[in-house]
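Novice: The structure's right below; bear with me while I get my questions together.
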Amino acid sequence: MPLTLENANTRVLAAEYAVRGPIVVRAKEIDAELKKKENKKKYPFQQVIFCNIGNPQAVKQPPLSYPREVSALITAPQVALSSKATTLYAQDVVDRARWCIKQMGNTGGYTDSAGYAFVRQHVADYISARDEASSGKFLPKASPSRIFLTNGASQGVTFTLQMLINKPTDGVMIPIPQYPLYTATLTLLDGAPVPYYLDE
């Protein structure tokens, strides 16, 4: 049986994710129009600035080069470990990439479900130092065994809500205005959004 709108999961159909909804579709249409010479004066503005998602490069912020260069070398260990690496990359980038490769053993395969142990240890060390510095007193050390790395905030939110929502009457309080990920994910999980308005 082919998948159609009639037999698709009704929760998927009901989920709304406004960051990619009709406003964004229309903005892309206007952006395409503005790129044509004959439409330059069609609108009272010259460009569309997209601010619908947390993607700084989409709004022309230069990317951080250090993590990208380290990642590039990690995925190409034959370059990172060669004598020519420092002719292509800064020494600190090469040093960090070589250190990571040594910790990882190999690249390209699956990691631990919670993320690389050495990365979780760094996160734990950072949290411990941050908390002690902000509180001015000794606090229990963060444990890497209690840290779970995800490939972004959205995945972390989704995993958390999947653990919390067990039945349709399970609700999650959401500040309004909200990022649509919360209500969309709750719809998919058959949970209940409980909106509250900020009063500052």
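Novice: By how many nm would the segment from Lys84 to Lys40 lengthen if fully extended, with 0.36 nm per residue of separation less the alpha-carbon distance?
Specialist: 11.0 nm
Novice: Just to be sure I understand the model, the point goes 7 Å from the Cα along the line to the Cβ. What's the resulting Lys60 to Ala27 distance in nm?
Specialist: Once both label points are built, they end up 1.5 nm from each other.
Novice: Explain nothing, just the number: relative contact order of segment 45-200, from Cα pairs under 8 Å at least 6 residues apart, as a whole percent.
Specialist: About 13 percent, as a whole number.
Novice: Whenever you get a sec, line up Arg96, Arg120, Arg146, Arg130 from highest to lowest accessible area (probe 1.4 Å, protein heavy atoms).
Specialist: Final ranking, largest accessible area leading: Arg146, Arg130, Arg96, Arg120.
Novice: How much length is gained on full extension from His122 to Phe138, taking 0.36 nm per residue of separation minus their Cα-Cα distance?
Specialist: 3.9 nm
Novice: Hey, if you drop one equal point scatterer on each alpha-carbon of segment 1-111 and run the Debye formula without solvent, what base-10 log of I(q)/I(0) do you get at q = 0.14, 0.15, 0.16, 0.18 Å⁻¹?
Specialist: Taking Cα atoms of segment 1-111 as identical point scatterers yields -0.83, -0.83, -0.84, -0.89.
Novice: A further question follows. Please give the calculated 222 nm ellipticity per residue for the chain, where each DSSP H segment of at least 4 residues contributes -39500 (n - 2.57) and the sum is spread over every residue; nearest 500 deg cm²/dmol?
Specialist: -13500 deg cm²/dmol
Novice: As a test of reading the structure, rank Ile165, Ile127, Ile23, Ile49 by solvent-accessible area (1.4 Å probe, protein chains only), most first.
Specialist: Largest accessible area first, the residues go Ile23, Ile49, Ile127, Ile165.
Novice: Are any of the pairs Lys60/Lys102; Lys37/Lys60; Lys35/Lys60 more than 27 Å apart by Cα-Cα distance, and if so, which?
Specialist: With Cα atoms farther than 27 Å apart: Lys60/Lys102.
Novice: Where in the chain lies the longest segment free of chymotrypsin sites (Phe, Trp or Tyr not before Pro) that are both loop residues by DSSP (not H, G, I, E, B) and have at most 11 other Cβ atoms within 10 Å?
Specialist: Result, exposed sites excluded: 46-109.
Novice: Normalised radius of gyration for segment 91-200, please: alpha carbon Rg relative to 2.2 N^0.38 Å, two decimal places.
Specialist: Here the answer is 1.43, to two decimals.
Novice: Taking every pair of alpha-carbon atoms in the chain, what share in percent sits in each 5 Å bin, from 0 to the bin with the longest distance?
Specialist: Pairs per bin, as whole percents: 1, 6, 8, 10, 11, 13, 14, 12, 11, 8, 4, 1, 0, 0.
Novice: Within segment 43-87, report the trypsin sites (Lys or Arg not before Pro) that DSSP leaves as loop and that have at most 11 other Cβ atoms within 10 Å.
Specialist: Qualifying residues, ordered by number: Lys60, Lys84.
Novice: Of Ala14, Ser83, Thr187, which is farthest along the charge dipole of the chain in the positive direction, counting Lys and Arg as +1 and Asp and Glu as -1 at C-beta?
Specialist: Of the listed residues, the answer is Ser83.
Novice: Relative to the Cα centre, what is the charge dipole magnitude of the chain, using +1 at the beta carbon of each Lys and Arg, -1 at the beta carbon of each Asp and Glu, and rounding to the nearest 20 debye?
Specialist: 720 debye
Novice: Starting from the Cα of Glu200, step 7 Å along the direction of its Cβ; do the same at Ala14; then give the gap between the two resulting points in nm.
Specialist: It is 3.2 nm.
The values are calculated or read from the model by the stated rules, or taken from the named source; none is laboratory data. As the structure is a prediction and not an experimental result, all values here were calculated from the model. All Cβ positions, even for glycine, are placed from backbone atoms using ideal geometry, and neighbour counts span all protein chains on display. Side chains included, ligands, DNA and RNA excluded: accessible areas come from the protein's heavy atoms. Shrake-Rupley method; radii C 1.70, N 1.55, O 1.52, S 1.80 Å.
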